[in-house]
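One structure below.
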Amino acid sequence: MSTDRVTATTDRRLLAEDAYSNDTHLSARQKLYDFQQPTYDLPGSVLDALDARHRTVLDLGCGNGAYLHRLRSERPQTAVIGIDAAPGMLGDLPPPVLCADAARLPVKGDRIDAVLAMHMLYHLPDIDAALVEIARVLTPGGTLIASTNAEDDKRELDDLWQAAAGDVLGIDHGPRRIRLSDHFPLDAGAARLEEYFADISVHELTGHITVETPEPVLDHLGSYRTWAAQAGVPFDETLHRARERLEETITAVGAFTITTRQGLIHAQAPGQRGL
Ligand SMILES: C[S@@+](CC[C@H](N)C(=O)[O-])C[C@H]1O[C@@H](n2cnc3c(N)ncnc32)[C@H](O)[C@@H]1O
């Protein structure tokens, strides 16, 4: 991703005041997965990875609380603290939740048994600073679970956007669409953890999203409006042309299909886990 795109997708003010001023854009992206087969229960996978020894869990970049709600309802004995840099995401979440930056956690060291960093590390301008913070707050041997998308995730969306942008600009292929996870993609992201964590494993989740109407895809593409200035093509015209292309495909073959590849990364803080 070019520097101006990385700068924009990691700009804390833009994230807090626009992209995540409320959960509209995040929800649009989450809803596209309603059309995925097979379905994956990511909060359920996190629950499976945590046991009774994980008494305190920090959900970093907790967003609209998908993980926080599940953990609190199914593990009432676990203390789950939500942290997010966008105040607008925290308003509807029950306490304890804190507005803070992942690179400066307001938590004393060696206190947290598990940190979740689900689809959020790619928003950090200095990912290493956050990894150092996560390692600092985790108990020895504590668990980090992160998630992100792979480089080739949703490639049909990339092709659709580039074709639509090309139509608008009168060229073969327009600029690539903004992809948040390009700043922390699955495989390179997991490798990046090696400097700070041990026992790193990647759990890949692949599937297909199939839609028979354009709206879920257009809502997803439209959720990147925050970064319209970095798109390199008029955003609304491109969305409009993408709708026409989607309608043509759906009329011709009955559906539009997107290949997904995302994953969970499990890692352990250095040191022996207390029993
Ligand atoms: C794509 S959402 C993911 C939300 C949630 N973890 C999930 O997977 O459903 C990314 C979240 O990270 C938050 N975030 C972005 N930068 C952050 C930072 N520097 N510190 C803490 N949270 C941040 C955003 O406000 C947003 O709520």
Checklist entry - If VAL115 passes every condition in (1) part of a strand (DSSP E or B); (2) within 14 Å of the ligand (Cβ to nearest atom); (3) closer than 29 Å to ILE258 by Cα but one, which one does it miss? => result (3)
Checklist entry - Got a number for residues in the stretch 73-95 being within 11 Å of the ligand (Cβ to nearest atom), in a loop (DSSP other than H, G, I, E, B) and surrounded by fewer than 21 Cβ atoms within 10 Å (Cβ to Cβ)? => result 1
Item to check | Verdict on LEU60 being touching a residue at least 40 places away in the same chain (Cβ under 8 Å), closer than 20 Å to ALA267 by Cα, hydrophobic (A, V, I, L, M, F, W, C) and within 9 Å of the ligand (Cβ to nearest atom) | outcome: yes
Checklist entry - Looking only at the stretch 1-50, which residues are within 13 Å of the ligand (Cβ to nearest atom), open to solvent by less than 60 Å² (accessible area, probe 1.4 Å), assigned to a loop (DSSP other than H, G, I, E, B) and of a type outside the set (D, E, K, R)? => result THR10, TYR20, SER21
Checklist entry - Quick one: is ALA163 of a type in the set (Gly, Ala, Ser) and either closer than 21 Å to HIS203 by Cβ or within 14 Å of the ligand (Cβ to nearest atom) (or both)? => result no
Next on the checklist: Being crowded, with 16+ Cβ neighbours inside 10 Å, more than 10 Å from the ligand (Cβ to nearest atom) and more than 19 Å from the chain's Cα centre (by Cα) is the requirement here; does ARG70 meet it?
Outcome noted: no
Checklist entry - Filtering the stretch 212-239 down to residues that are within 17 Å of the chain's Cα centre (by Cα) and part of a loop (DSSP other than H, G, I, E, B), which residue is surrounded by the fewest Cβ atoms within 10 Å (Cβ to Cβ)? => result SER223
Item to check | One residue from ASP167, ASP182 being farther than 13 Å from TYR122 by Cα, in a helix (DSSP H, G or I), in contact with a helix residue (DSSP H, G or I) (Cβ under 9 Å, 6 or more places away or on another chain) and open to solvent by 40 Å² or more (accessible area, probe 1.4 Å) | outcome: ASP167
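The values are calculated or read from the model by the stated rules, or taken from the named source; none is laboratory data. Just so you know, these numbers come straight off a predicted model, no measurement behind them. Methodologically, a virtual Cβ is constructed for each residue, glycine included, from the backbone with ideal geometry; neighbour enumeration extends over all protein chains shown. Protein only, heavy atoms only, side chains kept; ligands, DNA and RNA dropped before computing areas. Shrake-Rupley method; radii C 1.70, N 1.55, O 1.52, S 1.80 Å.
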